[in-house]
Amino acid sequence: MKKYILLISLIFTLLIILIPTSCKLDINEPSSLRFSVELTVVDTSLSDSDSLVALAEIIMQSITYGDKFETVTNEEGKAVIHNLLPDSYNILASGNRLEGTDIILINGQMQDTSLYIDNNDTLNLKLIAQTSKSSALLISEIYYSGAKSIIPQYFHDQFTEIYNNSNQTLYLDSLLIADVESGFINDSLIHATHACMFPGTGNDYPIQPGEFIIIAQDAIDHSIYPVNTVDLTEANFEYYLADKGDVDNPNAANMLNIHHKYGNDFLYSVFSNAIVIMDVKNPYEYGYDEFNRILLHKNAVIDGVEYRDNPSELDMKRLDASIDAGLAGGIPSYSSQSIERYIDRYEDGRMILMDNNNSSLDFHVNKPPTPGWVEEATQ
Amino acid sequence: MKKLIILLSIVALTFAQMPTSEALFLDIHSSLSNRLPMQNPAYLNSETSPYNYAFSYSYLNAAGDHKLPFTPNAKNYHTIEISAFQEMDGGLYFGGRFAYRNEERLGKLWLHNAETNVNVPFFFGDSSSGDFNLNGIDWNIIFSYPISKNARIALDVFYNVDEQFKSVFPKPNSKRNDLHLKPAIALDKDNFRLGLRGSYFNYKEEIETKKYSLEPNRTPIFMRIRGLDRPLLSYAETTEERLQNIIGYGGAMDICVDNILSLEANIEKAEALITDGGAYPVEQGNWGYLRFNYRGNLFLNILDDFQADLFFLQENNAAKGNHPTMEAQIFNMATRHFEGGLGIAYKPSSQDEWKAIASYAFEDLLREDTFLGLSHYIPSEILSIGLKAELRRAATSLTFDLAYEYNNRGDLTEYNELSAWYYQMITEKEIIFYGRDTGSIIAGARVTFPYQNLIFAISGNYRNVSAINTNDRYRNAILKLEMIF
C-alpha cells in the first residue's frame, strides 16, 4: 500500500512541478474568410480584343458591412480588390472611350450580388457595361429634401435646375419631366407617377449654352420666415395643378400636366426618387400600368438622376446604367440641402458640368441650394 | 462514513469546482446539489442531509471599474429561499428548494441578452446603455432512492423562469425559461466510493424590443454581434425579436479510494441556436461549447494531527461559432487552466481544523475571429495562498477562509489587422481586461449559533480584484442570513 501511495505522490508532485510554463501555445496568424476579386469591365459594343475597359472607376460596396472599395482598372482593363468579406455587394463601373470626336460613356452596375470564394482565393468577376452618350441638356441640381421650419415637413420649396452643357442653343418645348417608380429597372418602360411637359410648340423656350433654367414646385419666395430656404420667384417654370388649389406665379410659365396620380402638386419624394427629362413624341403612346402609372419609353430619356437617403443602397436602384449607374443623395429629410453636379471644366469660358451618367460620381451635396448657379466643389 | 463525508466536503469546499451550467449561463449560483459532496444528488441521504428546513435571504453586490465592457457597472441581487430535506418511506430522500429573485443590473452597455459570461460574443443589442431589472423564480428538487444497501439512484430537477426589463428605450424584454435534469447513481462500499451523474439542460431566452413609431431622435441602432468585430447593424426597425436556445448534455464521475485518493471528472457540451424575427425567423448562427475538468486529491497523514493534501486539476473550455448561412466556423475560443498545490491541515481536536493551502496555476485564453481574421492569446500564471479554519463548540460553529491570489499575465499575442470601430471600442477593452496583472483578496466567514429552538447562520463572502498599478478594482460581496429548523 505504501508503495502505491509513494507512486501516486510522485505522480502528483511531477504534475505540479510540470504545470508549466511550457504549456504556453505558439499562436499563428488566424485564418479568415476574406478573399480577393479580379474585376473586368466588358464593353459589349466592341469586339473581344478591345472589349475590356481600361481606366474605369470601380466602386464596390458591401451591403451588410458597408465597406466601400474604390479603384481603377489598369491598362489591361483589370482591377483587383483584396480583403473582401463574404457578402452581397453593389458594384459600379464608370469609364469612357473616344469614338471619333464623341466621348462614349461606359457604365455598368451589379446589384445585390453575393460574392464569396473559399480558401482565400481570387474570384474572377466580369461586369457587363452599357454605353451611352453624354447629354447636351442636363439636370444640374435637384432640391428635394425640403426644409426644417416651424411648419412640419415643408417641401413646397422643391425645385429642379436644368443646364445646357453644349455649345448650341436648345429648346425645351414639349420636353417631359417625370419621376420613376421603383421595381422596373430592367424594363424598357419607365413607370411614372407624375409627368409634366414644358409648354411651347417648338422654338418658344430656348436655353442658351451655359444657361440654367429653374422649374419650381411653387415659384414663390421661400426664403422668408418661417421656411428660410430659397427664393424661387425668379423661377422660369412652375408645376401647377389648377384644380388642387396650387400656388400660381404668373411670371413663371406653368408646366403642362400630363399625368398626376396623387397629391396636390408634383412632389418629389424627400427620401428617394429618380427624375428624368425626356423627349417624347406622344406621352400617351404606351398607356398606363395596373396602378395608374403612365408608361414612357426609356429610349426617350435625355438625362436622369437618381437619389436616395442612403446612397449605398444600390440594390434598390430604379434607373439602369445607361441612364444613371449611380446614386446621389445621402441627405437627411427636411435638411435644406440639394444635390448638384460638379463642374468638370471650362471651355471658352463656358462651364462644362460633369456627366458620366453616374450620379455617384457626378453629384455632390449642396447646402444651401443654389437655384440658377453652381457651387464650385471638389470631388 | 461520516469521516469520508466530511473529508469530501472539505475537498469540495477547498477547491473551486467547475461552475454549474446554471452559474455559467444564467448567473444563478444556488442549487441543492451544490450542498452535496461532488455535486452528486445520489449522495443525498440521512448522513449528508444538511438540515430539515431553512429560510434564507441573500444579497449580492458587485461593482467596480475592473470589468469587461458588457459587465454591468453594478449588480444588486436579492434572493429569498425556502429549502427542505426530508426522509420519506423506504429510504427515499427528498430535497426541495424554492427561490424568488430580484436582480438589478445597473449601467449595462448595449446588450439585451440577460447573461454574457461565456466568452462567446454572439449577442443582440442596441446603441443604448441602461438599467435592467429582473424578477424570477427558480425551484429545485432531488429524489434520492436506495436501490441496494450500498447504492442509491437520484434525480435532480432544476427549473427557472424569469423576466428582465431594460428601462431605456427601446426597452428590451428578456424572458428565460430553463430546465436542467441530472440523473445520478452512487456506490459506497468498503472504503470505495463511486458516483456517476448525467446532465441534460435546455435554457431558452426570448428577447423582444418594444414596438414604437418612427419618431425623430428615437431610432436606436440595433446590433447583431457575431465575433470580435463588425456587428451587423440595422436602423429604424419598429421591433426586434431574438430567441436563443441552449441545449446541453454532460456527465460527471467521482471516485474515492481508502480516504486517500479522490478523483473527479466532469464533461459538458452545449449548443446555442440563435434565431431572429419571431413569425418570420431568420437564423443568426449558432455557437457550441465544450468544457471538461478533472481533479485529483491525495490525502496523506504526515503527523498525528497533520494531514497533507496534494492536488492537481485541469479545466478546459472550448467554444466555436458558426455562420448562419455559410457552412463555416467563424469564431473559436479556448481557455485552459492547470493547477497544482499543497494543503496542510492541522486538527488539534475533533472539533477544530486549520488548513493552509498554496497553489500554482497556469491558464490561458485564446479567441479567434476566423471570419474577419482577428485573434488574441493571453497566458498567465497564478500564485495563490490561503488559510481556512473550522471551529465548533456545541451547536455554535465558525468557519472562515482568507486567500490572496496573484495573477501574472504573460505576453499578449494579438492579430488585429483590418479591425474596425467595434474592435476598438469593445474587443480592445476586453483584451486590456484579460491582459492585466491582478491581485485578489478572497475572504469568507460563516457563523452558526442556536437561538431558542432554531439555528441561525450568518455568512458572508467577499472578493476584491485589483488591477496592479491602476486604481481599477472589482468587488463582489454576498451576505446570507439563514434560519434553520
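Bridge orientation summary for chain A: considering DSSP beta bridges with both residues in this region, about 85 percent are antiparallel.
How much accessible area per residue does chain B have, counting only protein heavy atoms and a probe of 1.4 Å, in square angstrom?
Result: 43 Å² per residue.
Which shape class, rounded, prolate or oblate, goes with the stretch A:154-238 when its Cα gyration tensor gives a ≥ b ≥ c as root eigenvalues, a/c under 1.5 marks rounded, and past that a/b bigger than b/c marks prolate? Oblate shape, in that a/c is at least 1.5 and b/c is the bigger or equal ratio.
Quick check: residue separation of B:M326 and B:F400 times 0.36 nm, minus the Cα distance between them. What number comes out in nm?
On the way: separation 74, 0.36 × 74 = 26.64 nm, distance 5.35 nm.
Extra length from B:M326 to B:F400 when fully extended: 21.3 nm.
Once the partner protein chains are put back, the stretch B:356-374 shows a loss of at least 40 square angstrom of accessible area, versus the chain by itself, at B:Y360, B:F362, B:T370, B:F371, B:L372 (probe 1.4 Å, ligands and nucleic acids excluded).
Solvent exposure of chain A amounts to 46 Å² per residue of accessible area, where only protein heavy atoms count and the probe is 1.4 Å.
Classify the stretch A:268-332 from the C-alpha gyration tensor, please: rounded if a/c falls under 1.5, else prolate or oblate depending on whether a/b exceeds b/c. Before the final figure, lay out the partial values.
Numbers: a/c = 2.38, a/b = 1.75, b/c = 1.36.
Note, shape of the stretch A:268-332 comes out prolate.
Amide H contacts of A:D231 (H built 1.01 Å from N, in plane; Pro and chain starts excluded): A:H222, A:S223 sit under 5 Å, all sequence-distant by 5 or more or on other chains.
Remark: spin-label model distance A:S45-B:L383 equals 7.9 nm, labels positioned 7 Å along the Cα→Cβ axis. Calculated on the Cα set of the protein assembly as shown, radius of gyration then Dmax: 37.0, 121 Å.
FRET efficiency for the A:N264 to A:N167 pair, using the beta carbon distance and R₀ = 35 Å, is estimated at 0.30. What you get for the protein assembly as shown, charging only the Cβ of Lys and Arg (+1) and of Asp and Glu (-1), is a dipole of about 5700 debye around the Cα centre. Placing dummy labels 7 Å off each Cα toward the beta-carbon, the span from A:R34 to A:S88 is 2.5 nm. By definition, a body whose alpha carbon gyration tensor gives a ≥ b ≥ c is rounded when a/c is under 1.5, and the stretch A:137-366 falls into this rounded group. In the elastic network of chain A, a GNM with C-alpha springs shorter than 10 Å, the most mobile of A:L172, A:L84, A:L46 is A:L46. Here is how the number arises for chain B: DSSP H runs of 4 or more residues each give -39500 (n - 2.57), the sum is divided by the residue count, and the result at 222 nm is -1500 deg cm²/dmol. Seen from A:L176, the other residues with C-beta closer than 15 Å to its C-beta sum to a net charge of -2, counting Lys and Arg as +1 and Asp and Glu as -1. Computed from backbone phi, the HN-Hα couplings of the stretch B:91-103 come to x, 5, 10, 10, x, x, 8, 9, 9, 10, 10, 10, 10 Hz, rounded to whole numbers (Karplus: 6.51 cos²θ - 1.76 cosθ + 1.60, θ = phi - 60°; Gly and Pro given as x). Using Cβ point charges alone (K and R +1, D and E -1), the dipole size of chain B about the Cα centre works out to roughly 820 debye.
Taking only DSSP H segments of four or more residues, each worth -39500 (n - 2.57), what value at 222 nm results for chain A once the sum is divided by all its residues, to the nearest 500 deg cm²/dmol?
-1500 deg cm²/dmol
Of B:M88, A:M278, the residue with the largest accessible area leads and the full order is B:M88, A:M278 (1.4 Å probe). Considering only B:V282, B:A114, B:F222, and ranking their Cα positions along the charge dipole of chain B that arises from unit charges at the beta-carbon of Lys, Arg, Asp and Glu, the one farthest toward the positive end is B:A114. Counting heavy atoms of the protein chains alone, B:K189 has an accessible area of about 110 Å² for a 1.4 Å probe. Taking each residue as 0.36 nm, the span from B:R475 to B:N133 lengthens on full extension beyond its C-alpha to C-alpha distance by 121.1 nm. The accessible surface of the protein assembly as shown, taken with every protein chain in place and a 1.4 Å probe, is 54 percent carbon and sulfur. Chains A and B together bury roughly 3000 Å² of accessible area, counting both sides, with a 1.4 Å probe on protein heavy atoms only.
If one computes P(r) from the Cα atoms of the stretch B:362-446, what percent of pairs lie at distances over 14 Å?
Tail of P(r) above 14 Å: 71 percent of Cα pairs.
If you wrap the Cα atoms of the stretch A:327-379 in a convex hull and average its projected area over all directions, you get 4.0 nm².
Solvent-accessible surface (1.4 Å probe) assigned to B:R446 amounts to roughly 80 Å². For B:A420, nonlocal amide neighbours, meaning residues 5 or more places apart or on other chains whose placed amide H falls under 5 Å from its own, are B:R230. Across the stretch B:2-484, the convex hull enclosing all Cα atoms gives 154 Å³ per residue.
Take the Cβ atoms of B:A445 and B:L68, set R0 to 51 Å, and the FRET efficiency comes out at 0.95. Once each part is reduced to its C-alpha centroid, what is the distance from the stretch B:376-419 to the stretch A:296-356 in angstrom? Spelled out, the Cα-based centre of one part sits 64 Å from the other. Extending 7 Å from Cα along the Cβ direction at A:D231 and again at B:M253 yields two label points whose distance is 9.3 nm.
Taking Cβ atoms as reference points and 10 Å as the exclusive limit, the residues near B:K388 contribute a net charge of -2, counting Lys and Arg as +1 and Asp and Glu as -1.
The values are calculated or read from the model by the stated rules, or taken from the named source; none is laboratory data. These numbers were taken from a predicted model, which means no experiment stands behind them. FYI the Cβ positions are ideal-geometry reconstructions off the backbone, even for glycines, and counts take in every protein chain you see. Surface areas here come from the heavy atoms of the whole protein model, side chains and all, with no ligands, DNA or RNA. Shrake-Rupley method; radii C 1.70, N 1.55, O 1.52, S 1.80 Å.
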